[in-house]
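Below is one structure; the comments refer to it alone.
Each value in this text was obtained by applying a stated rule to the coordinates, not by laboratory testing. Keep in mind it's a predicted model, so treat the numbers as computed, not measured. Virtual Cβ from ideal backbone geometry, glycine too; neighbours counted across all protein chains shown.
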Amino acid sequence: MEINALQATLLGICACLSSMPGLGGTTFGNYTLGRPLVAGLVVGLILGDVQTGIIIGAAIQVIYIALVTPGGTVSADVRAVSYIGIPLAICAVKGMGLDPSTTQAQAMAAALGAAVGTLGTVLFYGTATMNLIWQHIGWKAVERGDFGKLYLVDMGLPWISHILFSFMPTFIIAMAGAGMVDVMKAYLPMDGIAMKTLFTVGSLLPAVGVAILLKQVVKKPLDFITFFFGFTLAACLGMNLIASAIIGSFFAVINYKIIMVQTRRAAASAPTPDDDDEEDI
Amino acid sequence: MKKLSKKTLNKSFLSWFYGNLTCFSQEHMQTFGYLCAMLPVVESLYETKEEQKEAMETYTAFFNTEPQIGALVVGMTAGLEEAKANGQAIDGEAINGIRAGLMGPLAGIGDSMIVGTLIPILLGIGLGLSSGGNPLGAIFYIVVWNLLMWFGMRFVYFKGYDLGGKAVEVLVGEQAQAIRESIIMIGTIVIGAVAASWININTSLVLPGGGELQKTLNGIYPKMLSALAVVFCWWLMTKKNISPTMVMLLLVFVAFVGVLIGFFDPGLSY
């Protein structure tokens with residue numbers, strides 16, 4: 001499957017908009033266009049195969065379901081995952097003649113997406129470092145009281161960083177992508193150790209994504225009960241995600257009421273410790 | 001008595017909504033986004049260039065938080081700046097103290113509630129709607145997420161402006177905490193369902209008697225290997241403090257060894 005120059009250009013623009021400090025803004029850029037599920041739709045539209053795009057995007061999304069960047073440390077770069085990883089994965093799946101809806105094709109997409117995303121952190125640090133130049137211009141403007149320049153510094157000049165660190169890499173890799181798949185096919189047989197390992201890694205990777213999320217909510221082993229409640233709903237009872245969310249909401253309402261009753265009781269009993277003493281007597 | 005117009009506040013909000021991280025660097029993070037958001041406020045409250053420069057000086061201090069819930073702080077400082085311009089007993093230093101004090105707690109709430117809970121719930125439902133390559137899931141996420149954030153951020157910005165220092169109570173009071181805990185519960189249950197639906201770890205190992213190990217495992221607890229893999233990764237990251245990238249590399253090694261001993265076999269050929 002070939003990606004032409006126009007398609008590569010569109011992918012490059014999406015990369016500029018969607019990266020972590022992206023020019024689409026935080027809400028629409030990073031947290032909308034940058035999510036692999038949404039990128040699957042966008043890349044699918046650009047490459048003319050929405051169905052494959054969505055399936056591949058969804059498979060990669062599971063790994064990055066909770067990409068939290070506390071204090072600006074990143075373990076993966078969304079623009080690389082979404083606009084380099086997904087097009088490459090689509091090329092690879094089609095080039096190798098896999099059916100996108102199989103778990104193997106999704107494992108392959110996950111492995112490629114994660115590899116690209118991890119290497120892509122270089123792009124994150126590149127953009128952030130180059131922005132220091134524009135901020136330097138900004139500080140000078142603030143000193144002089146030339147405040148109008150602030151908008152240019154915050155929203156205009158970073159485009160230069162993004163042309164270098166988002167647009168160019170995406171454009172070049174997308175154009176070279178199809179050739180890369182041919183090389184893989186020629187040198188790495190599907191039943192060889194390397195490809196078997198690649199597919200297996202892809203099937204293991206979503207576990208990391210889920211674990212990153214659980215790291216925040218599960219502090220002690222007992223907290224796993226809530227997680228396994230949801231897991232069992234889907235794994236044993238075959239419930240889909242919407243049904244699980246509804247059941248989850250039901251228990252959340254109960255939980256909320258219990259906490260509120262507890263706080264009210266604590267508040268009611270706190271100022272009258274004397275009463276308790278009398279009852280004891 | 002100086003009063004910020006609705007138009008000025010809207011302009012300030014829009015600057016923050018769009019530009020909070022566009023000029024990110026490791027050194028200043030959201031500082032420039034903050035300067036842009038405060039500029040309309042400062043320009044409308046102070047006449048002379050000297051006063052404006054002095055007021056803007058306050059916001060050159062480092063700022064970084066979860067930017068979406070952080071709209072609350074921007075709204076608050078707009079209100080405080082207005083009070084300051086009207087001669088109330090508040091100075092730039094006090095404003096910066098409040099700002100600095102809120103950055104950390106709000107980042108904690110925002111990262112865990114918005115990025116760690118709301119987004120995964122919406123994405124989880126989106127994933128559920130995407131089966132077979134259906135674009136409905138992505139469309140659902142785009143529409144619901146952006147509407148929630150647009151109205152949510154507007155709400156906290158103007159709440160912050162109206163209430164000033166009291167706005168924090170909306171987020172950290174007892175009721176707010178109970179709601180937070182309960183929403184995290186939904187998130188954790190949905191993530192459990194996501195894990196069971198989307199992680200497919202199977203073994204191809206054949207037992208000495210001729211039976212398939214995978215079938216035996218399914219009889220004990222379906223998707224047991226997927227569940228174990230999640231717990232293993234959690235254990236590595238939480239108890240052993242290994243970074244996600246290192247865990248991924250470790251999984252490459254696990255996969256390689258697994259393939260060598262015949263535990264894993266995707267069973268494909270060109």
Reachable lysines from B:LYS239, criterion Cα separation under 19 angstrom, eight or more residues apart if same chain: A:LYS215, A:LYS219, A:LYS220
Fully extended contour minus Cα-Cα distance, from B:GLN88 to B:VAL143, at 0.36 nm per residue: 15.5 nm
Candidates A:VAL50, A:VAL181, A:VAL253, ranked by Gaussian network fluctuation over chain A, Cα under 10 Å, top entry: A:VAL253
Ranked list, fewest to most other Cβ atoms within 10 Å of each Cβ, for B:ARG180, A:ARG35: B:ARG180, A:ARG35
Partner lysines for B:LYS3 [C-alpha distance under 25 Å; skip if fewer than 8 residues away on the same chain]: B:LYS11, B:LYS49, B:LYS53, B:LYS84, B:LYS159, B:LYS166
For the stretch A:153-213 and the stretch B:111-132, distance of Cα centres in Å: 23 Å
Interchain or long-range residues, amide H under 5 Å from B:PHE63's placed H: B:GLN30, B:THR31
Cβ-defined net charge surrounding B:ARG154, 14 Å radius [Lys, Arg +1; Asp, Glu -1]: +2
Residue with peak Gaussian network fluctuation, chain A [Cα springs, cutoff 10 Å], from A:GLY156, A:GLY25, A:GLY53: A:GLY156
Net charge of Cβ neighbours under 14 Å - reference B:LYS6; Lys, Arg +1; Asp, Glu -1: +2
Cβ-based net charge around A:VAL122, under 14 Å, with every Lys or Arg adding one and every Asp or Glu removing one: 0
Size of electric dipole in the stretch B:6-189: Cβ of Lys, Arg +1 and of Asp, Glu -1, about Cα centre, debye, nearest 20: 600 debye
Simple Cβ-charge dipole of the stretch A:144-259, Lys/Arg +1 and Asp/Glu -1, about Cα centre, in debye nearest 20: 360 debye
Average partner coverage of B:231-240, which counts Cβ from other chains inside 10 Å: 5
Likely footprinting exposure, A:TYR256, B:TYR221, A:TYR187, fewest C-beta neighbours within 10 Å first: A:TYR187, B:TYR221, A:TYR256
Relative exposure of B:THR58, B:THR238, B:THR22, judged by other C-beta atoms within 10 Å (fewest first): B:THR238, B:THR58, B:THR22
Estimated [θ] at 222 nm from DSSP helical runs (n ≥ 4, -39500 (n - 2.57)) normalised by residues in chain A, nearest 500: -22000 deg cm²/dmol
Protection proxy ranking of B:77-85, B:155-163 - average other beta-carbon atoms within 10 Å, highest first: B:77-85, B:155-163
Cross-link reach list, lysines versus B:LYS215, counting only Cα pairs under 29 Å and skipping chain neighbours closer than eight places: A:LYS196, B:LYS223
Span from the the stretch A:1-53 Cα centroid across to the the stretch B:19-55 one, whole angstrom: 31 Å
